Amino acid sequence: MSSVLVVGAGVIGLTAAVTLAEAGHDVTVRADRPPLETTSVVAGALWGPSFQEPMADTHAWTVHSLGVFQELATDPASGVRLIPSLSVSAVPGFDEIPPQARIIPDLRAVDPAAVPAGFTSAARATMPLVGLRPERPSVRVEAERLGSALVVHDYGHGGNGVSLSWGCAARVRELVEGGGPHRLRGRPSTPGSGR
Ligand SMILES: Cc1cc2nc3c(=O)[nH]c(=O)nc-3n(C[C@H](O)[C@H](O)[C@H](O)COP(=O)(O)OP(=O)(O)OC[C@H]3O[C@@H](n4cnc5c(N)ncnc54)[C@H](O)[C@@H]3O)c2cc1C
């Protein structure tokens, strides 16, 4: 097992730290702001599908995170709850559900007659409610060797960091351990692919 330094105490750093510690690594977390002063703590986040690149990975990571949040929601002390949600759109022709959104539990279209005034379509679902949107074209979860240290990058989650957190943390663990992939919920692992 390795000695791992996690830089950052927001949802991304802490989920990576918990995942690695649970896997038996010796983990230290360092940050210039403590957890209660991070963006993550004010996000008031809803879990949701990701439309970010790399698309196949972000899809698998949000599915994995959903499974972890659903488990956490069984413990009221976790702060994670499953809540009924209503999403509305005023964009005409937006009633086609994109494939990424099909992973949303209980997703169902609202009868056109019941769509709130001022909107053209609406959908109901049961979503995990968790808690900056530093944006880049794609989420970066990659390993880089710097001298004798292995640096694992895990950033660029934009407006979806909470939704991606546990899935990215599982990928970070794979990269730290440098071995075969660990099984992500909702996606069979693919031995040999490094993912
Ligand atoms: C209003 C709002 C609503 C949102 N809603 C959702 C939502 O509904 N669903 C969703 O999934 N996501 C949502 N997000 C996005 C989500 O909150 C972010 O993607 C996520 O919080 C990013 O987490 P993070 O750990 O990368 O960053 P942060 O929470 O910002 O934590 C960064 C950590 O790194 C440390 N750090 C940074 N630089 C250094 C340095 N140079 N040296 C040492 N330490 C450093 C900081 O001190 C901090 O501890 C929302 C964001 C906002 C602002």
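Read-outs: derived from the displayed coordinates by stated rules, not from any lab. No experiment lies behind these values; they were computed from the predicted model shown. Please note: Cβ atoms are built from the backbone with ideal geometry, for glycine as well, and neighbour counts cover all protein chains shown.
Quick check on my filter: what residues within region 41-50 are surrounded by 15 or more Cβ atoms within 10 Å (Cβ to Cβ) and either of a type outside the set (Gly, Ala, Ser) or more than 15 Å from the ligand (Cβ to nearest atom) (or both)?
Residues satisfying the conditions are Val41, Leu46, Trp47, Pro49.
For region 9-18, give me the residue count where each residue is within 17 Å of Ser65 (Cβ to Cβ) and touching a strand residue (DSSP E or B) at 6+ places or on another chain (Cβ under 8 Å).
Just the residues of region 9-18 that are within 17 Å of Ser65 (Cβ to Cβ), to begin with: 10-18.
Narrowing further to those that are touching a strand residue (DSSP E or B) at 6+ places or on another chain (Cβ under 8 Å): 12-14, 16-17.
Qualifying residue count for the region: 5.
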## Note on the structure
Apart from one, (1) more than 16 Å from the ligand (Cβ to nearest atom); (2) touching a Phe, Trp or Tyr at 6+ places or on another chain (Cβ under 8 Å) all hold for Leu107; the odd one out is (2)
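Taking region 27-40 as the region of interest, how many residues are near the ligand (Cβ under 6 Å from one of its atoms) and either under 20 Å from Leu150 (Cβ atoms) or more than 17 Å from the chain's Cα centre (by Cα) (or both)? Steps first, please.
Taking region 27-40 as the starting set, the residues that turn out to be near the ligand (Cβ under 6 Å from one of its atoms) are 31-33, 38-40.
Next cut, either under 20 Å from Leu150 (Cβ atoms) or more than 17 Å from the chain's Cα centre (by Cα) (or both) only: 31-33.
Final tally of qualifying residues: 3.
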### Task
State all residues of region 9-26 that are over 19 Å from Arg145 (Cβ atoms) and either crowded, with 20+ Cβ neighbours inside 10 Å or among the charged types (D, E, K, R) (or both); if no residue qualifies, say none.
Ala9, Gly10, Val11, Ile12, Gly13, Thr15, Ala17, Thr19, Glu22, Asp26
### Query
Considering Ser121, Ser165, which residue is surrounded by 14 or more Cβ atoms within 10 Å (Cβ to Cβ) and touching a His at 6+ places or on another chain (Cβ under 9 Å)?
Ser165
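What number of residues within region 66-88 are polar (S, T, N, Q) and assigned to a helix (DSSP H, G or I)? Outline the logic, then answer.
From region 66-88, those polar (S, T, N, Q) are 70, 74, 78, 85, 87; that's our starting set.
Next, from what is left, pick out any that are assigned to a helix (DSSP H, G or I): 70, 78.
Of the residues in that region, 2 qualify.
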### Task
Taking the options Ala169, Ala125, Ala113, name whichever one is more than 28 Å from Leu36 (Cα to Cα), within 15 Å of the ligand (Cβ to nearest atom) and not in a loop (DSSP other than H, G, I, E, B).
Ala125
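If only one of Val63, Val152, Val91, Val141 is of a type in the set (Val, Ile, Thr), buried (at least 17 other Cβ atoms within 10 Å of the Cβ) and not in a strand (DSSP E or B), which one is it?
On the way: Val152 fails: not in a strand (DSSP E or B); Val91 fails: buried (at least 17 other Cβ atoms within 10 Å of the Cβ); Val141 fails: not in a strand (DSSP E or B).
Among Val63, Val152, Val91, Val141, only Val63 is of a type in the set (Val, Ile, Thr), buried (at least 17 other Cβ atoms within 10 Å of the Cβ) and not in a strand (DSSP E or B).
Would a scan of region 19-35 turn up a residue that is in contact with a strand residue (DSSP E or B) (Cβ under 8 Å, 6 or more places away or on another chain) and part of a loop (DSSP other than H, G, I, E, B)? Steps first, answer last, please.
Here is the first cut: in region 19-35, the residues in contact with a strand residue (DSSP E or B) (Cβ under 8 Å, 6 or more places away or on another chain) are 20-21, 25-31.
Imposing the further condition that a residue be part of a loop (DSSP other than H, G, I, E, B) reduces the set to 25, 31.
Yes, region 19-35 has at least one match.
Taking the condition assigned to a helix (DSSP H, G or I), touching a Lys or Arg at 6+ places or on another chain (Cβ under 8 Å), of a type in the set (Val, Ile, Thr) and more than 8 Å from the ligand (Cβ to nearest atom), does Thr15 pass? So that I can check it myself, show each step before the final result.
Details: assigned to a helix (DSSP H, G or I): yes; touching a Lys or Arg at 6+ places or on another chain (Cβ under 8 Å): no; of a type in the set (Val, Ile, Thr): yes; more than 8 Å from the ligand (Cβ to nearest atom): yes.
Taking the combined requirement at face value, the residue does not satisfy it.
Out of curiosity, is Ser85 farther than 27 Å from Val176 by Cα, away from the ligand (no atom under 13 Å from the Cβ) and surrounded by 14 or more Cβ atoms within 10 Å (Cβ to Cβ)?
Values: farther than 27 Å from Val176 by Cα: yes; away from the ligand (no atom under 13 Å from the Cβ): no; surrounded by 14 or more Cβ atoms within 10 Å (Cβ to Cβ): yes.
Considered against the rule, which asks whether it is farther than 27 Å from Val176 by Cα, away from the ligand (no atom under 13 Å from the Cβ) and surrounded by 14 or more Cβ atoms within 10 Å (Cβ to Cβ), Ser85 comes out as no.
Out of the residues in region 46-60 meeting the condition of being small (Gly, Ala, Ser) and in a helix (DSSP H, G or I), tell me which one is nearest to the chain's Cα centre (by Cα).
Of region 46-60, the ones small (Gly, Ala, Ser) are 48, 50, 56, 60.
From what is left, the residues that are in a helix (DSSP H, G or I) are 56, 60.
Working: Ala56: 13, Ala60: 9 Å.
Top of the filtered list is Ala60.
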